[in-house]
Amino acid sequence: MYNRLKVLYQLQLVDDQLDELEELRGDLPNMVRSLESRINEIKEEIKLKETEQKESVEKRALNEEEIEKLKESQQKFKAQLYQVRNNKEYDALTKEIDHSDEQISKLEAENNALADLSKSLSYQIEEIKPQLDVLNAELKEKEADLKEIIKVNEKEEMKLLDERKKIEDQVKKPDLSVYTRIRKAKKGKAVATLKRSACSGCHNIVPAQRQLEIRKNNKLFTCEYCGRILVSQEIAEEVEGK
């Protein structure tokens, strides 16, 4: 158990150093992700508007074809008016002509609305596109800043990651699972030391009996206040002294 506790503390120390390197990047990673997300949203918005505009144009074309067909039929009906033999035939033809007029008017009104929509969408797209240019320029700048910071610390980070991998391979799976869960919940700090009778993570006093048990280094204990894994000062000094 002593070695299990020791490698957990070693892992925490390496993760602390990796966290420090991450902090040097500041808010840049979040800013880059936020800009990428916003750019994708705008691209999707433009795509939807362009699709709607395309469908509007296609619908207008179909309506124009239908209008032409109706007008051709209407001309035929009007020509037949001169050949009718009774009022019944006359009424039937005029009814068809009136119906064609209604359909033509309806389609023309729809096309006018579609033309207005298409025009409105064009304006909207033209208003949105400059935003995309600004965001892309900002993203390029932030990515360059982030890349520069990463480059400066690249060797050190690679060394730490390699060291972390070697240590992680020594950690038992159940211990690593506990460590990972606590580290995620506590935003980085999963292992704390027993320092001046208190947990170095939350600074709450650890009961005297629990302190004695922790100093035996024969069992994995967690702080009853913050939930972090607690290791003795003996383990901490041995690991840090290496």
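Table for the structure above
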{"read-out": "Principal axis box of the chain, alpha-carbon based, largest edge first, Å", "value": "117, 40, 30"}
{"read-out": "Lysine-lysine proximity count for the stretch 40-130, Cα under 18 Å, sequence distance 8 or more or distinct chains", "value": "23"}
{"read-out": "Degrees separating the helix 173-185 axis from the principal Cα axis of the chain, which is the longest one", "value": "70"}
{"read-out": "All lysines inside 22 Å of LYS186 as judged from Cα atoms, apart from same-chain residues fewer than 8 positions distant", "value": "LYS6, LYS165, LYS172, LYS173, LYS195, LYS219"}
{"read-out": "HN-Hα J in Hz across the stretch 221-233 - Karplus 6.51, -1.76, 1.60, θ = phi - 60°, x for Gly and Pro", "value": "10, 10, 5, 6, 9, 10, x, 6, 5, 9, 10, 6, 5"}
{"read-out": "Helix axis angle, 154-168 relative to the chain longest principal axis, alpha carbon, degrees", "value": "70"}
{"read-out": "Theoretical ellipticity at 222 nm over the chain - DSSP helices of four or more residues, -39500 (n - 2.57) apiece, nearest 500", "value": "-27500 deg cm²/dmol"}
{"read-out": "In sequence order, calculated HN-Hα J values of the stretch 98-112 (Karplus, 6.51, -1.76, 1.60; Hz; x Gly/Pro)", "value": "5, 5, 5, 4, 4, 5, 4, 4, 5, 5, 5, 5, 5, 5, 4"}
{"read-out": "Built amide H within the under 5 Å cut-off of LYS195, gap 5+", "value": "SER200"}
{"read-out": "Nonlocal amide H pairs with PHE221, under 5 Å, H built at 1.01 Å", "value": "LEU230"}
{"read-out": "Alpha-carbon centroid distance for the pair the stretch 23-54 / the stretch 109-169, whole angstrom", "value": "6"}
{"read-out": "Rel. contact order, % - alpha carbon contacts under 8 angstrom, at least six apart, the chain", "value": "32"}
{"read-out": "³J(HN,Hα), Karplus 6.51/-1.76/1.60, whole Hz, each residue of the stretch 143-152, x for Gly, Pro", "value": "5, 5, 5, 5, 4, 5, 5, 4, 5, 4"}
{"read-out": "Within the stretch 152-242, GluC sites (Glu not before Pro) in DSSP loop having at most 14 other beta-carbon neighbours inside 10 Å", "value": "GLU224"}
{"read-out": "Between helix 2-24 and the chain: long-axis angle, C-alpha atoms, 0 to 90°, nearest 10", "value": "50"}
{"read-out": "Sequence-distant residues sharing a close amide H with CYS226 (under 5 Å, placed H)", "value": "none"}
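Taken together, the values in this text are just the output of simple stated rules run on the coordinates, not laboratory data. Bear in mind that the values here come from a model prediction, so they are computed numbers and not experimental data. Note that each Cβ is placed from the backbone with ideal geometry, even for glycine, and that neighbours are counted across all protein chains shown.
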